[in-house]
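Only the coordinates and a few stated rules stand behind these numbers; no lab work does. The model shown is predicted, which means the values in this text are computed figures rather than measured ones. Counting neighbours? That spans all protein chains shown, and the Cβs are built from the backbone with ideal geometry, glycine included.
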Amino acid sequence: MRPALAVALLVVLAGCADEPKDDGPADAATETSGPAGTPAVQGTNSTSAPRWQVGDTWTWSVRSGATADVYEAVSVVLAADGTTYQVGTTDPTDAMTAYPFHLVNLGPVDAATLAWQAHGTPVQLIRFPLADGDRFTTDFWSAPGAEVEVTAGDVTTPRGSEPGFRTVARYAGADAVFMEADYSPRLGQFVRVATRFGGEEPFAEATLTQAAVNGTGQPFRVTDLARWTARADDPNTLAPRTFTVAADADQLFLACFITGQGAYTAGIAQRGGAVSCQGQGTDATSYAWAYTAAAEGTGSVTATPAGPGTLTTEAFAIDIGDG
């Protein structure tokens, strides 16, 4: 378990099926180690759903599209039952700071689609068997009815360029891009995932920097507690949100996405104490976060924007216990 309290850190960002195969094909790439400085890989060259193994490990670099600030998160397959992969992490603190961007496949991952969860909806960027020109419609956490298009093309992996698939999810009935990703059939994993939220450049982007096998980690199970956008000129958005924390929660995490001029503060209060994130807003969007040890019972989240912009607050309970 992490220390009871971590101080808030403010960094400026750019803006917030087939069944799995039992065995890989004959041309499966199943290295367990690589030369010095070269990541190990495990995957297949198939267009069908990959078969992840317990211990498969991926290292991600998560950054905004307009700043050098970087978060590194490592995801590890802890369990696989043929239907769902349970994906944990080697470092819960790193995973928590990267989690609010919803780019790294942590927690339960659907084995048939490799979709993970964000605010109660699946993040489904591909479907199997992969096919050039495939199109489908799906609901994302803030883009219902998104129209997804998959095209074949070279993608950049930790070992260089190779054949893969690129996917673009657009808002329903619009050309604006909500999310995009690159997938490597050889690795059986995404190598890049980014949100655009309609912008010309990524709001945030996760890049795969290493793939390995035989890793170990801790569970990373997330429960949403609150999520909303507050404005100083809208009293209806300023009321605190209440929540209940289960006994198995280890940490409470607070994420703040701040857009616009003025000072902004958000906080979590519970029986075990209080923690807040705050900052001075600019015309760009900033990201502030804080976390504290969870205490079973009720609590509340407050959001206090003091300027003309917006403060989007997200609060999570995270179970990083054994098993």
Listed by chain and number, the residues whose amide H is under 5 Å from that of Glu72, excluding neighbours fewer than 5 places away on the same chain and using placed H, are Val62
Could you derive backbone 3J(HN,Hα) for the stretch 244-250 from the dihedral phi with the Karplus parameters 6.51, -1.76 and 1.60 (θ = phi - 60°), listing whole Hz in sequence and x where the residue is Gly or Pro? 10, 9, 6, 5, 8, 6, 9
Once phi is turned into ³J(HN,Hα) by the Karplus curve 6.51 cos²θ - 1.76 cosθ + 1.60 with θ = phi - 60°, what whole-Hz value does each residue of the stretch 259-274 show in order, with x for glycine and proline? 10, x, 6, x, 8, 9, 9, 9, x, 10, 10, 8, 4, x, x, 9
Given a Förster distance of 35 Å, the FRET efficiency implied by the Cβ-Cβ spacing of His119 and Asp233, rounded to the nearest 0.05, works out to 0.85
Which residues qualify? For Gly217, with a placed amide H closer than 5 Å and at least 5 residues away or on another chain, they are none
Placed amide H near Ala294: partners under 5 Å, 5+ positions off or other chain: Gln251, Leu252
Place a point 7 Å from the Cα of Thr242 along the Cα-to-Cβ direction; which residues of the stretch 293-315 have their backbone N under 15 Å from it? 297-302
Of the GluC sites (Glu not before Pro) in the stretch 200-307, those whose Cβ has at most 15 other Cβ within 10 Å and which sit in DSSP loop: Glu200, Glu296
Apply the Karplus curve 6.51 cos²θ - 1.76 cosθ + 1.60, θ = phi - 60°, to the phi angles in the stretch 84-94 and return the couplings in whole Hz, x for Gly and Pro. 9, 9, 9, 10, x, 8, 7, 9, x, 5, 4
Could you tell me the center-to-center distance, by alpha carbons, between the stretch 196-256 and the stretch 102-148 in angstrom? 17
